[in-house]
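Below is one structure, written out as structure tokens; comments come after it.
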Amino acid sequence: MSGHGHGHGRGGGHGCCEVDHEPAERGLEYGLYRRIDTEKLQCLNESRDGDGKLVFKPWDQRTDREKFVESDADEELLFNIPFTGSVKLKGIIISGEDDESHPAEMRLYKNIPQMSFDDTSREPEQAFRLNRDALAELEYPTKIARFSNVNHLSIHIPRNFGADSTRVYYIGLRGEYAEAHRHEVTICNYEAAANPADHKVETITPQTHFISASAPPLQCMCGNNMSVPLLAEAVTVSGTEKETAAVIFLHGLGDTGHGWSDAMTSIRLPYVKYICPHAPRIPVTLNMKMTMPSWFDLMGLSPESPEDEAGIKRAAENIKAIIDHETKNGIPANRVLLGGFSQGGALSLYTALTCQQQLAGVVALSCWLPLHKTFPQAASGSANKDIHILQCHGEMDPMIPVQFGAMTAEKLKTIVNPQKVSFRTYPGLMHSSCPQEMSDVKNFIEKLLPRI
């Protein structure tokens, strides 16, 4: 079974879901259009000047066909959207005509004012493969860790479903807003009367993902790490005292190590080093062979989907090389904990269960066990038959259903000591993370990697 990212799925860990709130509540949620500096908003390649501003409109006008923007020279559009303050972006709805002119892909960039088409060659913060949505019903949830402090948002639409030009009627932005000019910021929450058991649980609060002033700087690992390819550019959150343990955390499909380094910073222990490597960029079958960061190829999202056995094994060996590097530099393997989200969580499970060095434990978020049919035989030479595993899953996950997570937990209990497998679910949580989950992860790490 396959899945991903700080979201998973289609378009780089980036699926959509229907949101079934009442219309009045939806209107409140999609109120960020009021926080756009409309005078400075730009839409590049629009066929008529100023039309790009028209698609950011109130919820009750989302199906209005009088106001729209259409591309000019080709199918691409690029929106540069400045906000009047700081925004935490949680979700996007993009609606077009129910034909080939509807956008087929969306790429998001943050805090790059006056972005041009030349700049779109850089890695986006998040990418989505879109479905046709003439009624503006499908929301694409963002990775909260990446969009918690947005002053400027760029939306690149590189292609549609085959028409000569692209037409957009509505772009809705859901999230929170903080006034830029106030020294003591006020958060205006457009979630509307949040219920902790409701959809809001799918987000990660700023406290969980902001780096505090006292946090150690994020660094790129280099120098003598060049012999370990994934360490050459990995993001590491250094300890504030002597490092006696390490957490290697693997991001999901379409993401990078930066996507989870903030989260690791927020739950860090002062004596632990957190390593967040970047997956290589490869074509992904599931996403129409688009090239994106991926630990291995994905062919489908069900337990019976074909799997990239060679790619999975190769990726596991690359992670084991990081473990070897840490042990050679003074951190024993039993003080190394593997973790990951979605595809990264899947790889962390497979790596630990096939590793000949005894590890501290595994954190497996919103994921599955790759090559599950090869177990328990595949673990015959493993030193981790008694390893602690914390498996967490959102009960409303549309990408990797919680039932797949439960099946994985039962499979794991046939491979390792079943008393060491903990499977926790979170009501209302989709293919994302939440504060309670991150608290559980921190407690698990602290228990298995105590101060020495």
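Things worth noting here:
- Stokes-Einstein, applied to the Kirkwood radius of the stretch 334-412 over Cα pairs at a viscosity of 1.567 mPa s and 4 °C, places its translational diffusion at 104 µm² s⁻¹.
- Paramagnetic reach from residue 48 (point 7 Å along Cα→Cβ, amide N under 18 Å) across the stretch 156-171: 165-171
- Solvent-accessible area of residue 271 with every protein chain in place, 1.4 Å probe, in Å² to the nearest 10: 10
- Extension gain from residue 436 to residue 66, taking 0.36 nm per residue of separation minus the Cα-Cα distance: 128.8 nm
- Accessible surface, 1.4 Å probe, highest first, among residues 413, 242: 242, 413
- The heavy atoms of residue 64 offer some 40 square angstrom of accessible surface to a 1.4 angstrom probe.
- Summed residue charge, Cβ within 12 Å of residue 310's Cβ, Lys/Arg positive, Asp/Glu negative: -3
- For residue 383 and residue 118, a Förster radius of 60 Å and the Cβ-Cβ distance give a FRET efficiency of 0.75, rounded to the nearest 0.05.
- In this simple spin-label model, placing a label point 7 Å from the Cα along the Cα-to-Cβ direction at both residue 149 and residue 373 gives a separation of 4.8 nm.
- Computed lengthening from residue 135 to residue 40, 0.36 nm per intervening residue step minus Cα-Cα distance: 31.4 nm
- Here the dipole of the stretch 348-445 is about 280 debye; that uses its Cα centre as origin and unit charges on the Cβ of Lys and Arg (positive) and Asp and Glu (negative).
- Shape category assigned to the stretch 321-452 from the gyration tensor of Cα positions, a/c cut at 1.5: oblate
- In this label model, residue 407 and residue 305 are separated by 1.2 nm, measuring between points 7 Å along each Cα→Cβ vector.
- Placing pseudo-labels 7 Å out from each Cα toward the beta carbon at residue 291 and residue 111 gives an inter-label distance of 2.8 nm.
- Karplus (6.51, -1.76, 1.60) ³J(HN,Hα), θ = phi - 60°, over the stretch 393-399, in Hz, Gly and Pro reported as x: 7, x, 6, 10, 5, x, 8
- Residue-wise HN-Hα coupling along the stretch 260-277, computed from phi with Karplus coefficients 6.51, -1.76, 1.60 (Hz; x: Gly, Pro): 10, 5, 5, 5, 5, 4, 5, 10, 5, 9, x, 9, 10, 8, 10, 10, 10, x
- 174, 268, ranked by accessible area, largest first (probe 1.4 Å): 268, 174
- A cut-off under 14 angstrom between Cβ atoms defines the neighbours of residue 234, and their net charge, with Lys, Arg +1 and Asp, Glu -1, is -2.
- Cα centroid of the stretch 130-167 to Cα centroid of the stretch 345-411, whole Å: 32
The values are calculated or read from the model by the stated rules, or taken from the named source; none is laboratory data. The structure displayed is predicted, hence computed values, not measured ones. Glycine also receives a Cβ, built like all others from the backbone with ideal geometry; neighbour counts cover every protein chain displayed. Accessible surface is based on the protein model in full, side chains and every heavy atom, while ligands, DNA and RNA are left aside. Shrake-Rupley method; radii C 1.70, N 1.55, O 1.52, S 1.80 Å.
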